[in-house]
1. Name the residue, out of 8, 75, that is part of a strand (DSSP E or B), more than 30 Å from residue 98 (Cα to Cα) and without any contact (Cβ under 8 Å) to a residue 12 or more places away in the chain.
2. May I ask you to verify whether residue 105 is over 21 Å from the mean Cα position of the chain (by Cα) and on the phi < 0 side of the Ramachandran plot?
3. Looking at 89, 17, 107, 67, which is the one that is in contact with a strand residue (DSSP E or B) (Cβ under 7 Å, 6 or more places away or on another chain), surrounded by 10 or more Cβ atoms within 10 Å (Cβ to Cβ) and farther than 17 Å from residue 3 by Cβ?
4. Just to be sure before I move on: is residue 30 in a strand (DSSP E or B), within 26 Å of residue 97 (Cβ to Cβ) and free of Cβ contacts under 8 Å to residues at least 24 places away in the same chain in the structure I sent?
5. Would you confirm, using the coordinates I've provided, whether residue 88 is farther than 19 Å from residue 11 by Cβ and in contact (Cβ under 8 Å) with a residue 40 or more places away in the chain?
6. Go through segment 31-47 and report how many residues are surrounded by 16 or more Cβ atoms within 10 Å (Cβ to Cβ) and more than 15 Å from residue 85 (Cβ to Cβ).
7. Just one of 40, 55, 48 is outside any helix (DSSP H, G or I) and within 15 Å of the chain's Cα centre (by Cα); which is it?
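Derivation of every value follows stated rules applied to the coordinates shown; laboratory data play no part. It should be emphasised that the depicted structure is a prediction, and the values quoted were computed from it without experimental measurement. Because the Cβ atoms are built from the backbone with ideal geometry, glycine has one as well, and the counts that use them run over all protein chains shown.
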């Protein structure tokens, strides 16, 4: 899965991309073939929602902060990258606690089922079995 979108500010071109990498996903922005921003995600759902948010942010950034022709490109790239990273970390701080809460509720449910199962079964064995490292 690879998505790309090209943004032009005057003569300067930025390429936003979203792609699968290994077991995760990466969303980022390139300038002249070099990455100026990238974010990694474990879940496709999170990567896709950030891809949508990133495109909105880059578009509004370009409208709010016009690229003057006499400005050095690296200064504008750094400004754009810092803007994207600030929104990336806001997004991660908003999304990650949801996953933590979901896993906590699943763990509590499994713990209740385990305790109920333990009450129903006979645990009077003299030799207890446990997980060992191979």
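1. On inspection, the qualifying residue turns out to be 8.
2. For residue 105, the condition - over 21 Å from the mean Cα position of the chain (by Cα) and on the phi < 0 side of the Ramachandran plot - is met.
3. Going through 89, 17, 107, 67 in turn, the sole match is 67.
4. When the stated conditions are applied, residue 30 does not pass them.
5. yes
6. Going through segment 31-47 one residue at a time, the tally reaches 2.
7. Just a single option satisfies the conditions, and that option is 40.
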